[in-house]
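Participant: Input: one structure, supplied below.
The values are calculated or read from the model by the stated rules, or taken from the named source; none is laboratory data. These numbers come from a predicted model, not from an experiment. Cβ placement follows ideal geometry from the backbone for every residue including glycine, while neighbour counts extend to all protein chains displayed.
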2 protein chains.
Amino acid sequence: MKKIMNAPERFVAESLEGLVRAHEDLVVFGGERKFIRRRHLAPGKVAVISGGGAGHEPLHSGFVGHGMLDAACTGHVFTSPTPDQIVAAMDETDTGAGCLLIVKNYDGDVMNFEMAAEMAASRHAIETVIVEDDAATGPAVRSRGRRGVAGTIVVEKLLGAAAERGAELGALKELGEGLNARIRSMGVALRGVAMPNNPRETFDLGPEEMEIGVGIHGEPGLTRTGFADADAIIRRLGEAILAELPPELLGDPDLRPLLLVNGFGGTPPIELYLAYGLARRFFEAHGIVPVRSLTGTFVTSLDMAGLSLTLALLTPDQLALWGAPVATPALSW
Amino acid sequence: MKKIMNAPERFVAESLEGLVRAHEDLVVFGGERKFIRRRHLAPGKVAVISGGGAGHEPLHSGFVGHGMLDAACTGHVFTSPTPDQIVAAMDETDTGAGCLLIVKNYDGDVMNFEMAAEMAASRHAIETVIVEDDAATGPAVRSRGRRGVAGTIVVEKLLGAAAERGAELGALKELGEGLNARIRSMGVALRGVAMPNNPRETFDLGPEEMEIGVGIHGEPGLTRTGFADADAIIRRLGEAILAELPPELLGDPDLRPLLLVNGFGGTPPIELYLAYGLARRFFEAHGIVPVRSLTGTFVTSLDMAGLSLTLALLTPDQLALWGAPVATPALSW
């Protein structure tokens, strides 16, 4: 797998530099380039901070800006940022109202954000929201909770908007934890992924195979099956999502569905839009009519071919947060 | 090459349907689904219409909306839309001020848009702008003018903004033709592309090869060379761009450079941002400091891996048009 890269050890740093330079009106590097932060902090607002391994771009750095994140910490490819980076982000972006940490549910991330929170506890009020949206890793499969995947951008958008409107730390924590029951994602890979320092793919799919229930770190999915047409793929992802959402939410007529089709990095817009149309038909046939939509490449696994569907069932207040103004490198309206 | 697809003959139609359904607030199908148009036309404004083969998404349909295109006509994959589609778009979106056709310089597109203009000449005032930005197809290589590639979105953005501000047909034509000297693009492919109805790639690159000077229809480029590090690739693309821009523009201190890094469909954001950072360094080392930037996947060749750089040297008035509000599926600010 060829990559636009100078050297594996400079891959992440050079990409982050490009992102900052391309969006200098919105974001700047924090001290010692340990993180990327909003150019203009909003004093008195809770600092919303996230981060994770590189390789998922534009997550998280691309979502730093007005109405979303105040800072994002990036580790090596598929590797958590260090506690030191996270502490530095808190020290530089907490303007007095405390810090909300948004963490995808992977062991390394959870451990390092926890350690950072302990290290900084004497200087900052800190709450943490762990994102758990992956339909492939429900309680029957994984005891440590669902993985955090593409639904993370819904969590970051809603919490960022609420913080921008002045919500306090405790309210943000409550909002974030409530979102975990409402958001489910399910992914499929058509081609595996190669790390920058290794030309071999982490899993290898034949020309007639696909991998269902994949994560975003090159790990294998739930099952490998024969490649199928798009309707069959979408049905499979959609059914997994419906099976893993609480029935009382699925049956609640007051909730507002949001449908996200997310490309994993190697799948082009023509296919993502096709998937959106079929996913929309699938959910509508199940009585779920999305009122908001997003289609694009937001939470990637390097250049993996494939995509995920995310369905979020939002309250009217949450939907208003989704619609609130946002200005980041990767998401703006 | 696996694709998210039901059947080759439904690939384009199902993708267009997904795009429309994902962005119903902005766009609708025109009559008989021959084109996609703005949901809310602006009476008295020149209708700005473009189109081309499918496979380049989000170009052109993703750029329909306020401040950019009024309609986009999509053909089969890598195949021009028919004159009939283009005439229908003119008939439905011309609110009295005439139609400006924006056409990438490929024989099929130029021929079909010309034929449409002749067919509709009695009912509409029509002007055509042919986009020619490809640095790989200068006069020494191609007698029919440069191909239109990623620079097309700069042309569509500036002309769309000018039309939105009330510019008349003749002024738009003049603005559009003036842009051709100011915009140059150069692309590299890391992996070829397979059509929906054929699993074989149109050109086949080995693991240590790349193709320089590629177009966006799966055609081979200018030269095939050994794969190189990102700095070498960017230098090669950047030098081709500088060599093909008029020296008097390159030396004009009053011009405002815009730098666009465009992914071809299979290249992920982490690599595109890395390329942006290196391209920025390259041009700055040549005294060209971009004041506006865009990085993403805008003009694709299905899922081809690779990217192009585009440099545009704009007047202050043109830069203001770039900054004007825009609300389309793929570009909004």
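Participant: I want to confirm something. Restricting to the range A:207-229 and keeping residues that are in contact (Cβ under 8 Å) with a residue 24 or more places away in the chain and among the aliphatic types (A, V, I, L, M), which single residue is surrounded by the fewest Cβ atoms within 10 Å (Cβ to Cβ)?
Facilitator: A:222
Participant: Checking the condition of a type outside the set (Gly, Ala, Ser), surrounded by 15 or more Cβ atoms within 10 Å (Cβ to Cβ) and out of contact with any Gly (no Cβ under 6 Å at 6 or more places or on another chain), which residue from A:256, A:200 passes?
Facilitator: Details: A:200 fails: surrounded by 15 or more Cβ atoms within 10 Å (Cβ to Cβ).
The match here is A:256.
Participant: Right, here's the next one. Any idea how many residues of the range B:17-31 are more than 9 Å from chain A (Cβ to nearest Cβ) and of a type in the set (Val, Ile, Thr)?
Facilitator: Number satisfying all stated conditions: 2.
Participant: Filter the range B:76-122 for residues that are within 19 Å of residue B:29 (Cβ to Cβ), among the β-branched types (Val, Ile, Thr) and in a loop (DSSP other than H, G, I, E, B) and give the result.
Facilitator: B:82, B:95 - these are the residues of the range B:76-122 that are within 19 Å of residue B:29 (Cβ to Cβ), among the β-branched types (Val, Ile, Thr) and in a loop (DSSP other than H, G, I, E, B).
Participant: Of everything in the range A:82-133, what is at positive phi and touching a strand residue (DSSP E or B) at 6+ places or on another chain (Cβ under 8 Å)? Give them in sequence order.
Facilitator: A:98
Participant: Please give the strands (runs of 3 or more DSSP E) falling wholly within the range B:195-263 in which 3 or more residues are in contact with a strand residue (DSSP E or B) (Cβ under 7 Å, 6 or more places away or on another chain) and within 13 Å of chain A (Cβ to nearest Cβ).
Facilitator: Once the strands (runs of 3 or more DSSP E) in the range B:195-263 are filtered for at least 3 residues that are in contact with a strand residue (DSSP E or B) (Cβ under 7 Å, 6 or more places away or on another chain) and within 13 Å of chain A (Cβ to nearest Cβ), what remains is B:209-212, B:256-263.
Participant: Out of all the residues in the range B:77-84, is one or more within 22 Å of residue B:171 (Cβ to Cβ) and modelled with pLDDT of 95 or more?
Facilitator: No, because not a single residue in the range B:77-84 is within 22 Å of residue B:171 (Cβ to Cβ) and modelled with pLDDT of 95 or more.
Participant: Of all residues being at the interface with chain B (Cβ under 8 Å from one of its Cβ atoms) and polar (S, T, N, Q) in the range A:280-304, which is nearest to residue A:134 (Cα to Cα)? Just the residue, please.
Facilitator: It comes out as A:300.
Participant: On the basis of being surrounded by fewer than 15 Cβ atoms within 10 Å (Cβ to Cβ), among the basic types (Lys, Arg) and under 27 Å from residue A:4 (Cβ atoms), does residue B:142 make the cut?
Facilitator: yes
Participant: When you go through (1) touching a Ser or Thr at 6+ places or on another chain (Cβ under 9 Å); (2) within 14 Å of another protein chain (Cβ to nearest Cβ) one by one for residue B:183, which number turns out not to apply?
Facilitator: (2)
Participant: On to the next question. Determine, yes or no, whether residue A:305 is over 20 Å from residue B:25 (Cβ atoms) and of a type in the set (A, V, I, L, M).
Facilitator: Criteria met by residue A:305.
Participant: Moving on to the next point. Could you tell me which residue of the range B:314-333 is surrounded by the fewest Cβ atoms within 10 Å (Cβ to Cβ), considering only residues that are within 19 Å of residue A:333 (Cα to Cα) and either basic (Lys, Arg) or more than 14 Å from chain A (Cβ to nearest Cβ) (or both)?
Facilitator: To start, the set of residues in the range B:314-333 that are within 19 Å of residue A:333 (Cα to Cα) comprises B:321-333.
Still in the running and either basic (Lys, Arg) or more than 14 Å from chain A (Cβ to nearest Cβ) (or both): B:321, B:324.
Numbers: B:321: 22, B:324: 17.
Within the range B:314-333, the match that is surrounded by the fewest Cβ atoms within 10 Å (Cβ to Cβ) is B:324.
Participant: I'm trying to understand the selection: among the residues of the range B:280-292, which are within 15 Å of residue B:316 (Cα to Cα) and surrounded by fewer than 20 Cβ atoms within 10 Å (Cβ to Cβ)?
Facilitator: Step one: of the range B:280-292, the residues within 15 Å of residue B:316 (Cα to Cα) are B:289-292.
Correct list: B:289, B:291, B:292.
Participant: Please state which of the following conditions residue B:277 fails to meet, knowing it meets all the rest: (1) crowded, with 16+ Cβ neighbours inside 10 Å; (2) of a type outside the set (D, E, K, R); (3) away from chain A (no Cβ under 11 Å); (4) not in a loop (DSSP other than H, G, I, E, B).
Facilitator: Of the numbered conditions (1) crowded, with 16+ Cβ neighbours inside 10 Å; (2) of a type outside the set (D, E, K, R); (3) away from chain A (no Cβ under 11 Å); (4) not in a loop (DSSP other than H, G, I, E, B), the odd one out for residue B:277 is (3).
Participant: Would you mind telling me which numbered condition in (1) under 24 Å from residue A:200 (Cβ atoms); (2) at pLDDT 95 or above residue B:193 fails?
Facilitator: Among (1) under 24 Å from residue A:200 (Cβ atoms); (2) at pLDDT 95 or above, the lone unmet condition for residue B:193 is (2).
Participant: Let me ask something additional. So residue A:14 clears everything in (1) in contact (Cβ under 8 Å) with a residue 60 or more places away in the chain; (2) within 14 Å of another protein chain (Cβ to nearest Cβ); (3) under 21 Å from residue A:300 (Cβ atoms) except one condition, right? Which one?
Facilitator: Going through the list (1) in contact (Cβ under 8 Å) with a residue 60 or more places away in the chain; (2) within 14 Å of another protein chain (Cβ to nearest Cβ); (3) under 21 Å from residue A:300 (Cβ atoms), residue A:14 breaks only (1).
Participant: Checking the structure you have, find out if any residue of the range A:266-276 is in contact (Cβ under 8 Å) with a residue 40 or more places away in the chain and of a type in the set (Phe, Trp, Tyr).
Facilitator: no
Participant: What do you reckon, is residue A:141 out of contact with any Lys or Arg (no Cβ under 8 Å at 6 or more places or on another chain) and touching a residue at least 24 places away in the same chain (Cβ under 8 Å)?
Facilitator: So residue A:141 fits the description; yes.
Participant: Still on this structure, I have one more. Could you count how many residues in the range A:26-52 are farther than 13 Å from residue A:329 by Cβ and out of contact with any helix residue (DSSP H, G or I) (no Cβ under 8 Å at 6 or more places or on another chain)?
Facilitator: The total comes to 3.
Participant: Can you tell me which residue among A:307, A:311 is surrounded by 24 or more Cβ atoms within 10 Å (Cβ to Cβ), more than 8 Å from chain B (Cβ to nearest Cβ) and in a strand (DSSP E or B)?
Facilitator: Residue meeting the stated conditions: A:311.
Participant: List the number of the failed condition for residue A:50; all other conditions in (1) more than 8 Å from chain B (Cβ to nearest Cβ); (2) closer than 17 Å to residue A:74 by Cα; (3) over 20 Å from the mean Cα position of the chain (by Cα) hold.
Facilitator: Among (1) more than 8 Å from chain B (Cβ to nearest Cβ); (2) closer than 17 Å to residue A:74 by Cα; (3) over 20 Å from the mean Cα position of the chain (by Cα), the lone unmet condition for residue A:50 is (3).
Participant: Then there is this: Might you check whether a residue that is part of a helix (DSSP H, G or I), more than 20 Å from the chain's Cα centre (by Cα), of a type outside the set (Val, Ile, Thr) and more than 15 Å from residue A:238 (Cβ to Cβ) occurs anywhere in the range A:280-291? Show your work before the answer.
Facilitator: Of the range A:280-291, the ones part of a helix (DSSP H, G or I) are A:280-285.
Then drop every residue that is not more than 20 Å from the chain's Cα centre (by Cα), which leaves A:280-285.
So of that shortlist, the ones also of a type outside the set (Val, Ile, Thr) come out as A:280-285.
Going one step further and asking which of them are more than 15 Å from residue A:238 (Cβ to Cβ), we end up with none.
For the range A:280-291, residues part of a helix (DSSP H, G or I), more than 20 Å from the chain's Cα centre (by Cα), of a type outside the set (Val, Ile, Thr) and more than 15 Å from residue A:238 (Cβ to Cβ): absent.
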